[in-house]
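Q: Pasting a structure below so you can have a look.
What follows draws every value from the coordinates through simple rules; no lab data is involved. Since this is a predicted model, take the numbers as computed values, not measurements. Reconstructed Cβ throughout: ideal geometry from the backbone, glycine too, with neighbour counts over all protein chains shown.
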Amino acid sequence: MRKIIVTGGNRLTGEISISGAKNAVLPILAATVIGANESTIFNVPELRDVEVMERILLSLGCNVKKMDKMIWVDSKPLNNHKIPEDLVREMRSSIILMGAMLSRCGEVIISYPGGCEIGPRPIDMHLKALRELGAEIEESHGFIYCKANELKGCEIQLDYPSVGATENIMLAAVKAKGTTVIRNAAREPEIIDLQSYLNKAGAKINGAGTSVIIIDGVDKLNNVTHNTMPDRIVAGTYMIASAITEGEVVVKNIIIDHLQAVIAKLREAGCLIYNDNNSLKIIGPKQINSIEMIQTLPYPGFPTDMQAQMMALLSIANGTSIISETVFENRFKHAEELTRMGANIKIFGKVAVIKGVKELTGAKTAAKDLRGGACLILAGLAARGVTEVENMYHIERGYENFHVELRELGADIKKID
Ligand code: EPZ
């Protein structure tokens, strides 16, 4: 069982360059099957989730080549429409292949992704929208059977701005007959990146980043090259690594606009943040200020994927902070692990009350999900003594060489196989 050992107390200094965004490259890799074309994607992060998506593409018959941070996919030879069950279990976001496969070949069989550590993760909005576009969908024995002789554009009103549902609809609508309008669409930047990739391939999509996305169906897609946007959540995580260690770190290769909500809250917590055009410097304060209320919301609100990391920071603030997790049902599992390190956190449903303590102490902890794992490592950077974080595979899903990068910034951290 691989785990991380971190000895707290070191101040992080130096600079870190941010890799491509996991949550942009995953839907883009799914989209490569639509066009029976060649896609060359740059700035791809080396992550377990990306490897899983590559294995899915290979299992569908695509040619896939990976060189350093570039992936080349030729989806012309695609000859299978059954997504391997074990791979769907490993990465539930492979559900966005439904829309892409329906666009490509009008048929897909995929196992029900099921819940994960942060909640039941239903896909009712995905299925409702795909049916409105003309797909016949049957769910039985844990599998979803989708067929569509023809996908017809239509107006779709999402009950909630679901990122995955928005992406699935976009992928299904790319070659549908006529125009599809998605209202109450998710506005995450990763959706803008997906639109950019698809339009470069010849799709006709407008509005990504706003609540109304319009897709005019086209007949074919051409070969395409794309450079993935930087990962705003990885950037925010390193910002908190600096904040929690009274550090001074320059975070490079970012899009400042994607981080406004995180910057605002870290300034409230007492950090000094100096923005440049595609980088920022963040200096952590001697004493972290508590924050009256952080509410996680769909973009551009405070990102739910930064909630756990923020909780680590606030656990040593000078007062009581409140975090309201409005996006996922059960995303506080890291709180009990922080408590083992001496944090004073009480959970009331989807609200966490964090009473700052003077210091955390190192302890044996276990990552329960991707961002919760990052949270525990951040807490370990500031804790007195040694912290162990087990279940490192969670962290490797979303962070490239996390412990190596932190060590380069001055952390006393190592991985034990
Ligand atoms: C994406 O998940 C991200 N994953 C998540 O990042 C991120 O936390 C989330 O968006 C919100 O920003 C990827 O992009 C691969 P949603 P997704 O559909 O698409 C409910 C990370 O750490 N819902 O916007 O699954 C759902 O249960 C991961 O990188 C329905 O009820 O998120 C949740 O409560 C974690 N029915 C809420 O909506 C549906 O049909 C938001 O989910 C779909 C969603």
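Q: Just going by the charge dipole of the stretch 22-227, with Lys and Arg at +1 and Asp and Glu at -1 on Cβ, which of ALA186, THR225, LEU58 is farthest out on the positive end?
A: So the residue we want is THR225.
Q: Right, another one. Which lysines, on any chain, are close to LYS152 with Cα under 29 Å apart, when same-chain ones fewer than 8 places away are left out?
A: Partners found: LYS76, LYS82, LYS128, LYS175, LYS177, LYS200, LYS204, LYS220.
Q: Moving to a separate point now. Let me have the relative contact order for the chain, percent, based on Cα pairs under 8 Å that are six or more residues apart.
A: Result for the chain is 21 percent.
Q: Let me ask something else. Mind giving me the FRET efficiency for ASN330 and ARG89? R0 is 22 Å, r the Cβ-Cβ distance, nearest 0.05 is fine.
A: Working from the Cβ atoms, E equals 0.75.
Q: While we're looking at this one, here's another question. So which residue, out of VAL44, VAL262, VAL327, gets the largest mean-square fluctuation from a GNM of the chain using Cα contacts under 10 Å as springs?
A: Top of the fluctuation ranking is VAL327.
Q: Separate question: Provide the net charge surrounding ALA208, with neighbours chosen by a C-beta distance below 15 Å and charges set as Lys +1, Arg +1, Asp -1, Glu -1.
A: Value of the local net charge: -2.
Q: With a cut-off of 8 Å between alpha carbons and a minimum separation of six or more residues, what is the relative contact order of the stretch 5-131 in percent?
A: 22
Q: Still on this structure, I have one more. Along the positive direction of the dipole of the chain (beta-carbon charges: Lys, Arg +1; Asp, Glu -1; about the Cα centre), which of ILE205, LEU360, LEU272 reaches farthest?
A: Of the listed residues, the answer is LEU360.
Q: Would you mind working out the magnitude of the charge dipole of the chain relative to its Cα centre, with +1 at each Lys and Arg C-beta and -1 at each Asp and Glu C-beta, to the nearest 20 Debye?
A: Using Cβ point charges on Lys, Arg, Asp and Glu, the chain gives about 380 debye.
Q: Taking a spot 7 Å from the Cα of VAL386 along the direction of its beta carbon, which residues of the stretch 1-31 have an amide N less than 17 Å from it?
A: 1-10
Q: Apply the Karplus parameterisation 6.51 cos²θ - 1.76 cosθ + 1.60, with θ equal to phi minus 60°, to every residue of the stretch 329-336 and state each ³J(HN,Hα) to the nearest whole Hz, in sequence, with x for glycine and proline.
A: Karplus values, whole Hz, x for Gly and Pro: 6, 8, 10, 10, 4, 5, 4, 5.
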